[in-house]
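The values are calculated or read from the model by the stated rules, or taken from the named source; none is laboratory data. Remember, predicted model here, so these are calculated numbers, not experimental data. No Cβ is skipped: glycine too gets one built from the backbone with ideal geometry, and neighbour counts run over all protein chains shown.
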Amino acid sequence: MKRNLSLLTEKEHDLVVIGGGAFGVCVAWDAALRGLSVALVESGDFCQGTSANCFKIVHGGIRYLQHADLFRIRQSSRERNILLRVAPHLVEPLPIVLPTYGHGMQGKEVLKVALSLYDGLTFDRNKGIQDKKRQIPPGCFLTREETLTLFPGLEKKGLTGAAIIHDGHMYSPPRLALSFLRSAVEAGAVVANYVKATGVMRVKDRIEGILARDMLSQEEFEVRGKVTVNAAGPWAEEILRNFLGLDLSPSCSFSRDACFVVRRQLVGKYALAVKSRTSDPDAILRRGGRHLFVVPWRNYTLIGVWHVVYPGSPDEFTVTVQDLQHFLDEVNDAYPAFDLTLKDISNWNAGLVLFGENTPGAINLSYGKRSRIIDHSLTHGLERLITLIGVRYTTARYEAVNVVNLVCQKLHMKVHATQTDSTPIYGGKIGCFTEFLKQAMEERPSSVRVDSLSSLVRNHGSEYQRVLDLTEDPLILGDTIGRSHVLKAEILHAVREEMAVRLADVVMRRTDLGTGEYPGGPALEQCAEIMGRELGWTPARQENEVREMREAYPIR
């Protein structure tokens, strides 16, 4: 995957995609796999925004029972199944413990009925999943004693036990998006990061491509396309307004969804659901407050998610120390035994997610229910322009299929069935991941650490050997970066094969190095040295990249 901007301009493409988050890359993947010529540009790095900063949950739809939303239950379960099949290295089941209290809406009796109904509605949730450890089990229950053995700090008054449900969990959201993107490129798509759409090419009432600027060289050029898809997420409306003077009706509302990383493991293999201070105003069946989730992730713990309606610019939102303290107070109220302080937080993630309609100052917030696909020929009389604003990473592939179907209709092409529901993405050509990982460990070179190889296989799947081959470089060998398990070879591979051009691209998205916590100055300097050697950076450029990376960490 090389950054070659001349490929963007050498011909008219069937489809031009603005935005390299989960939804944009899935559109590119689906379209390329169906034989369309595709160009995709992203103003920053791929999967830099909301997609990279999500809570990493692949939702199976059980929460939608409370809304009696059978469509979303079926949709979510099917998309979880597809991700478990096409990306077995990056998505796995996550068991979650839901404590039960009393014999009312929070008791076992109600939950047993709900889980039976859910299991029936998702009867095909494991269709085609060969690896038993990647299959989603039916719901089950724990006794009070078993629950307290797992989580002794739970409120004991009224506790009757717990239910165990399963969702999916991503090892790395950015790497999942990169795998979608690499698959699109292998199918013929042309993609480039750090290329900003600066306008559209409009001829009367028809869009014929975009104006673009290379954010590295400041060169400006045109990318011609028969259809343009605006998949810029929280920036999508801004693009419509600035380029065309268009407004959506109704306008989109976004939530700043935030979670934080704790630098120690608070739970074992089971995630824990605890009650938050807010409730769901849209629920038909209410079981008290919404859940916050305490989730095992690598050697850390993820806790979230907190929602705040955010009306401002998508470039300016943040999470303050006061926000983090408020989050901590809420978790400590729900499970005092954690006794978390600000010093326990090693990092936070936040992104803007499409939300429901809420009155100003509302505490109990209405979440977004459906992604928005806008055909501007119907809403604004503007041909060959589609806007996609997604709700959940889980359903990005599904929404992409609908968008590409619409693109094919506009191109007067036969709408062929999608292949993305059965085609493994890049790195996903694995029958049984458990056996694949075991074999990789048996063949592990003595110069490569066990934890290094384990993360390498999870990040690169069936293509991990391509990275491992680079350890033969005399300047690389099997060495790791700083005190981490990240191989120097991963840095080299990211530059040569994954279009990494900034230090943050490697530290935050292509490797595990900086996703959990600040990796330290020496590690950043080692990365910058390897990248600088490959990209021809001056010493001043290396220093600047390291400084910017240090400043990007809110917590050290």
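Quick notes
- The range 108-133 residues that are assigned to a helix (DSSP H, G or I), paired with ones that are buried (at least 16 other Cβ atoms within 10 Å of the Cβ) and acidic (Asp, Glu) (beta carbon under 9 Å, 6 or more apart): Lys133/Glu92
- First in the range 221-240 and among the hydroxyl-bearing types (Ser, Thr, Tyr), second anywhere and not in a helix (DSSP H, G or I), Cβ under 6 Å, 6 or more apart: Thr228/Val16; Thr228/Ile207; Thr228/Leu385
- Filtering Val185, Val195, Val190, Val203 for residues that are surrounded by fewer than 17 Cβ atoms within 10 Å (Cβ to Cβ) and among the aliphatic types (A, V, I, L, M) leaves a single hit, Val203.
- For the residues Tyr393, Tyr426, the requirement of being touching a strand residue (DSSP E or B) at 6+ places or on another chain (Cβ under 8 Å), surrounded by 17 or more Cβ atoms within 10 Å (Cβ to Cβ), among the aromatic types (Phe, Trp, Tyr) and under 30 Å from Lys133 (Cα atoms) singles out Tyr393.
- Checked against the criteria, Ala22 does not count as surrounded by 23 or more Cβ atoms within 10 Å (Cβ to Cβ), touching a strand residue (DSSP E or B) at 6+ places or on another chain (Cβ under 6 Å), modelled with pLDDT of 95 or more and of a type outside the set (S, T, N, Q).
- Hits in the range 64-95 - residues which are among the small types (Gly, Ala, Ser) and closer than 22 Å to Thr418 by Cβ: Ser76, Ser77, Ala87
- Yes/no for Leu111 being assigned by TED's automatic domain parsing to the domain that holds Ala162, buried (at least 20 other Cβ atoms within 10 Å of the Cβ) and over 16 Å from Ile136 (Cβ atoms): yes
- Selection count, the range 122-171, where residues are of a type in the set (Ser, Thr, Tyr) and in contact with a Ser or Thr (Cβ under 7 Å, 6 or more places away or on another chain): 2
- Out of Phe123, Phe55, one residue alone is on the phi < 0 side of the Ramachandran plot, surrounded by 21 or more Cβ atoms within 10 Å (Cβ to Cβ) and not polar (S, T, N, Q). It is Phe55.
- When the criteria are applied in full, Lys133 meets the requirement of being surrounded by fewer than 15 Cβ atoms within 10 Å (Cβ to Cβ) and modelled with pLDDT under 95.
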